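Enquirer: Have a look at this one.
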């Protein structure tokens, strides 16, 4: 059982691991990029130091040898070649597995972990042993790296004031100072003036603080990483006091430390003036780092009001959205009561409450919005590993990573996207030699893009592979009994068969695909998110799969309608217009469910017939025309009330499989309205399978 502090370490380290993976994938393409190498080393160093601090000794021990290898890379001794990148990515996965365990027992004896460590020790040993080094396949770091830049030393002033309850977290501040000592030359001065009288002293509280001078070739980011897990409970000042015209390697740290202690702590002078006098006046612009970098190093307690973000658990956000949903329902009830009583004062208050409720709703939902790039970045590793496994050359390109989506939708979107990308690489992208024969580049591409369209987000997965073979798909569908041999289907209708359970045109089963499992899962998952999937493809050119998803699953804008005494809600984002349906319109269609609209034909579904409501329809009905997969389809109802703020509620386990219904909401008067799943309703209708109606739909695309 891990405590809250260890849990914080797990969360923070998981984020560092995600950044580490991205840096490694970039480093693979630019193995001499000193900034990327520094990022990787800093991530490993931070993980190792913090793991030891919070009791994850297995992670600290495991990371040590990897960090040692990257220290050699950082100093230009060896090159970050493909073997090292592969090993480090495997190491990253192992650390992630260690974090996911509920205990901190020694997992370093695992065979896979031991093999990784031995491989890194061999790399380090090959460099340290000249005889082995000549046999090593590792090339030496070439002159593309600026070695002078790497070894240039900086001088930093650090003031470290621990929070009084730091010991309660199990943190030993002396270990942090020891970690700084490993970075270069260091002097430390301890201050004890905050220690109270003996009878007031709490042995579990921290009273000491330290002034530190550090001479190192590492960056200010490296120093920040030492304090990354205690920054919220300490006051930390880090300032670069390097004077550009003086070689800081000649600076006497003990002498400077004495000056700083005397002038800052006892004479109350500011640091800039002290350093200016020490180096020699005048120094008009030789200390650009002091102000600039200290601002970049804003710490949690140096300015309490400068905190720009906080970490909040997902459960608390979900609870907030639930409460806002309840408020939306109460606000609707208040508006209804105010209107029915015709009370002007109450109506005025109701309008104000409605305005505030809508603003609060938008704010609560925006808090849960995350950039979709948070999952896009994961797929670069997937494409790299899968293309390697299949012997293919594939690149992933992403666009629109800043597009925001509700965190709940993003969490449930990960698996469907994995299935689609795996299929694109396995079935779509050809082998390099086959691509060259068809005048394509040997390296295939998968483009992953996201964009906002009204109240929805469009995600496209595009590959430049072989495309879908519609004849093979149709033949397979006929053999499976899904259609007759005489059926005439459009390309888009043929392509929808790839989402049928157990459907696969693969000639052989592989570790990746071929069992007919995957795309049916994709369809169910996307529909479970109230989204849609569309496929277009051209043989020999490639395939485009488009996912259309709602921005949020919690609260939607709906169109409230009524059939007899029952209320229903249609997603407003799909609604195009509302029309009247008279008896004359029905007679003109000769029994078919379609109506003429401005020269076009729109098929419709009668909700009265669909749900078996045994009542007489009114003389004039209403048709709500919606756009579904680029088709215009109408839904016939008795009455249209208008826009309605809809808080989605689950139907419960007894009604969760009710087809055509995705949930329910509570109206202002306490009645329940069912939320329609218009995609499912459309699937059930025979008009979609009727060739005549298919021709109508294709005509009106």
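Quick note: the coordinates plus some simple rules give every number you see, no bench work behind them. Bear in mind the structure is a predicted one, so any value in this text is a computation, not a measurement. Positions of Cβ are generated from backbone atoms using ideal geometry, with glycine treated the same way; all protein chains shown enter the neighbour counts.
Enquirer: Got the relative contact order for the stretch 371-550 handy, in percent, Cα pairs under 8 Å and 6 or more residues apart?
Expert: Working: 311 pairs, mean separation 41.6, N = 180.
Relative contact order, the stretch 371-550: 23 percent.
Enquirer: According to the square roots a ≥ b ≥ c of the eigenvalues of the Cα gyration tensor, what is the shape class of the stretch 375-423, taking rounded for a/c under 1.5, prolate for a/b larger than b/c otherwise, and oblate for the remainder?
Expert: Values: a/c = 3.17, a/b = 1.86, b/c = 1.70.
Prolate, since a/c reaches 1.5 and a/b exceeds b/c.
Enquirer: Enter the Cα centre distance for the pair the stretch 332-371 and the stretch 418-448, rounded to the nearest angstrom.
Expert: 52
Enquirer: For residue 340 and residue 628, what does the FRET efficiency come to when R0 = 30 Å and r is the distance between their Cβ atoms, rounded to the nearest 0.05? Present the calculation step by step, with values, prior to reporting the outcome.
Expert: On the way: r = 36 Å, r/R0 = 1.19.
E(calc), rounded to 0.05, equals 0.25.
Enquirer: Another question, then. Sort 664-670, 527-533 by the packing proxy (mean of other Cβ within 10 Å over each peptide's residues), most packed first. Could you put the intermediate results ahead of the total?
Expert: Working: 664-670: 17.1, 527-533: 19.1.
Going by the mean number of other Cβ atoms within 10 Å, highest first, we get 527-533, 664-670.
Enquirer: Hey, another quick one. What FRET efficiency comes out for the pair residue 469/residue 190, r = Cβ-Cβ distance, R0 = 45 Å, nearest 0.05? Show your work: numbers first, answer last.
Expert: Working: r = 75 Å, r/R0 = 1.67.
The computed FRET efficiency comes out at 0.05.
Enquirer: Between residue 121 and residue 197, what is 0.36 nm times their sequence separation minus the Cα-Cα distance? Round to one decimal in nm.
Expert: Working: separation 76, 0.36 × 76 = 27.36 nm, distance 5.20 nm.
Extra length available between residue 121 and residue 197 comes to 22.2 nm.
Enquirer: For residue 349 and residue 82, calculate 0.36 nm times their separation in residues minus their Cα-Cα distance, and state this gained length in nm to one decimal.
Expert: Residue separation times 0.36 nm, minus the Cα-Cα distance, leaves 89.4 nm.
Enquirer: Report the residues of the stretch 561-584 in range of a label on residue 669: point 7 Å along Cα→C-beta, backbone N strictly under 12 Å from it.
Expert: What the label zone holds, given the 12 Å backbone N cut-off, is 565-567.
Enquirer: Starting from the Cα of residue 588, step 7 Å along the direction of its Cβ; do the same at residue 680; then give the gap between the two resulting points in nm.
Expert: Each label point lies 7 Å from its Cα, and together they span 3.4 nm.
Enquirer: Where the convex hull is taken over the Cα atoms of the stretch 314-368, what is its projected area averaged over directions, in nm²? Working shown, then result.
Expert: Values: hull surface 13.3 nm².
Average projection, Cα convex hull of the stretch 314-368: 3.3 nm².
Enquirer: I've got another one for you. At residue 402 and residue 439, where each label point lies 7 Å from the Cα along Cα→Cβ, what is the point-to-point distance in nanometres?
Expert: 3.9
Enquirer: From the Cα gyration tensor of the stretch 551-641, with a ≥ b ≥ c the square roots of its eigenvalues, which class applies: rounded if a/c is under 1.5, or else prolate if a/b is larger than b/c, or else oblate? Intermediate values should be presented prior to the final figure.
Expert: Details: a/c = 2.16, a/b = 1.26, b/c = 1.70.
Oblate is the answer for the stretch 551-641, as a/c is 1.5 or above yet b/c matches or exceeds a/b.
Enquirer: Could you give me the percent of Cα pairs per 5 Å distance bin for the stretch 371-550, shortest bin first, beginning at zero and ending with the bin that holds the maximum distance?
Expert: 1, 8, 17, 21, 20, 16, 10, 5, 1, 0
Enquirer: At 7 Å along the Cα-to-beta-carbon direction for both residue 100 and residue 482, put a label point, then send me their distance in nm to one decimal.
Expert: 3.2
Enquirer: Among 21-32, 341-352, what's the highest-first ranking by average C-beta atoms within 10 angstrom per residue? Intermediate results must be reported in sequence, preceding the final value.
Expert: Working: 21-32: 17.7, 341-352: 12.2.
Averaged packing, sorted descending, gives the order 21-32, 341-352.
Enquirer: For residue 232 and residue 501, calculate 0.36 nm times their separation in residues minus their Cα-Cα distance, and state this gained length in nm to one decimal.
Expert: Details: separation 269, 0.36 × 269 = 96.84 nm, distance 5.09 nm.
Length difference between fully extended and current span is 91.7 nm.
Enquirer: Another question, then. For the stretch 552-656, calculate the relative contact order in percent as a whole number, restricting contacts to Cα pairs under 8 Å that are 6 or more residues apart. Display every interim value, and only then the final one.
Expert: Details: 179 pairs, mean separation 39.6, N = 105.
Dividing the mean separation by the residue count of the stretch 552-656 yields 38 percent.
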